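J.: Quick one: structure below, then a few questions.
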Amino acid sequence: MKNSRVIVALDFPAADAALAFAASVSPADCRLKIGKELFTAAGPALVETLSKQGFDIFLDLKFHDIPNTVAGACKAAAQLGVWMLNVHASGGRAMMEAARKALGDAPDRPRLIAVTLLTSMGAREIGEVGILGDAPEAVRRLARLTQASGLDGVVCSAQEAAMLRAECGKDFCLVTPGIRPASASKDDQQRVMTPAAAVAAGADYLVIGRPVTQASDPVATLAAINSEINSGKTV
Ligand code: C5P
């Protein structure tokens with residue numbers, strides 16, 4: 001059963017490393033995220049291969065373009081069999097509505113989520129691009145717009161999960177990166193949360209990359225994270 005909340009970020013430069021990781025785990029252990037680097041290098045063929053192996057694939061390409069173009073891209077992603085895909089909420093309501101419509105209403109349609117603000121943007125950059133208010137205010141506004149446009153959820157920092165859960169209700173899907181088991185290095189992530197704390201804060205799915213993929217024993221690390229989530233206790 002594909003019930004793991006963990007989405008492993010396959011931030012590899014080429015298909016071979018991604019395929020080797022996938023061969024070491026089962027679709028019951030985790031879902032897989034393919035982002036811009038790996039997709040640009042390995043293309044739709046890798047998405048289809050991993051999907052046919054039974055993995056739920058989150059295609060993290062963050063589409064942001066005119067509505068017609070984004071709708072076409074979403075349709076093409078759905079044809080690859082992806083489980084989840086995303087757009088930028090700042091593309092606006094018409095773009096998000098077109099994206100959502102392109103995916104249809106079948107029960108097994110891909111889930112569509114939006115990026116509110118890139119967490120890499122600080123207060124100065126947010127102001128420089130003309131976004132009103134501080135980051136939490138902009139995140140809240142864009143999450144509400146995402147929900148009003150019919151999307152399934154947002155990517156957000158675990159620090160924002162409790163606020164967005166209260167704001168958008170229990171059925172809105174919250175996907176959180178920046179997750180670090182208590183024993184792992186923070187790498188370049190600034191504000192991190194443990195898997196158990198992120199789920200307690202309201203996250204539905206946790207995007208985890210290097211703590212798993214760069215671990216000396218990725219399979220054991222993933223198993224420990226799954227059991228931390230299931231028991232609710234930080235390990
Ligand atoms: O290795 P690590 O666990 O830091 O990987 C996190 C993944 O989540 C990366 O693929 C990164 O691009 C993505 N991500 C993030 N912060 C965001 C959005 C996406 O770290 N705000």
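J.: Which fully enclosed strands (runs of 3 or more DSSP E) of region 132-235 have 2 or more residues being within 16 Å of the ligand (Cβ to nearest atom) and more than 22 Å from MET96 (Cα to Cα)? Full working, then the answer.
T.: Numbers: elements: 153-155, 173-176, 205-208.
By residue number, 205-208.
J.: Further question on the same structure: If you take the residues of region 121-133 that are open to solvent by less than 90 Å² (accessible area, probe 1.4 Å) and not aliphatic (A, V, I, L, M), which of them is nearest to the chain's Cα centre (by Cα)?
T.: Out of the qualifying residues, it is GLY122.
J.: Of the conditions (1) more than 15 Å from ASP65 (Cα to Cα); (2) of a type in the set (Val, Ile, Thr); (3) open to solvent by less than 20 Å² (accessible area, probe 1.4 Å), VAL115 fails just one. Which one is it?
T.: (1)
J.: May I ask you to verify whether SER26 is open to solvent by 40 Å² or more (accessible area, probe 1.4 Å), polar (S, T, N, Q) and within 26 Å of ASN226 (Cβ to Cβ)? So that I can check it myself, show each step before the final result.
T.: On the way: open to solvent by 40 Å² or more (accessible area, probe 1.4 Å): yes; polar (S, T, N, Q): yes; within 26 Å of ASN226 (Cβ to Cβ): yes.
For SER26, the condition - open to solvent by 40 Å² or more (accessible area, probe 1.4 Å), polar (S, T, N, Q) and within 26 Å of ASN226 (Cβ to Cβ) - is met.
J.: What pairs come up if the first residue lies in region 199-217 and is over 15 Å from ALA182 (Cβ atoms) and without any contact (Cβ under 8 Å) to a residue 12 or more places away in the chain, the second is part of a loop (DSSP other than H, G, I, E, B) and within 8 Å of the ligand (Cβ to nearest atom), and their beta carbons are under 9 Å apart, counting only those six or more places apart or on different chains?
T.: These pairs meet every condition: GLN214/ASP187.
J.: What number goes with the only condition from (1) modelled with pLDDT of 95 or more; (2) in contact with a strand residue (DSSP E or B) (Cβ under 9 Å, 6 or more places away or on another chain) that SER157 does not pass?
T.: Here SER157 meets the rest and fails (1).
J.: Something else about it: Kindly indicate whether LEU32 is modelled with pLDDT of 95 or more, more than 26 Å from VAL199 (Cα to Cα) and surrounded by 17 or more Cβ atoms within 10 Å (Cβ to Cβ).
T.: Working: modelled with pLDDT of 95 or more: yes; more than 26 Å from VAL199 (Cα to Cα): no; surrounded by 17 or more Cβ atoms within 10 Å (Cβ to Cβ): yes.
Here the answer is no, as LEU32 does not meet what is asked.
The values are calculated or read from the model by the stated rules, or taken from the named source; none is laboratory data. Computed from a prediction, not measured in an experiment: that's the story for all the values here. Here the Cβ is made from the backbone with ideal geometry for all residues, glycine too, and neighbour counts use every protein chain on show. Heads up: the accessible areas ignore ligands, DNA and RNA and are worked out on the full protein's heavy atoms, side chains in. Shrake-Rupley method; radii C 1.70, N 1.55, O 1.52, S 1.80 Å.
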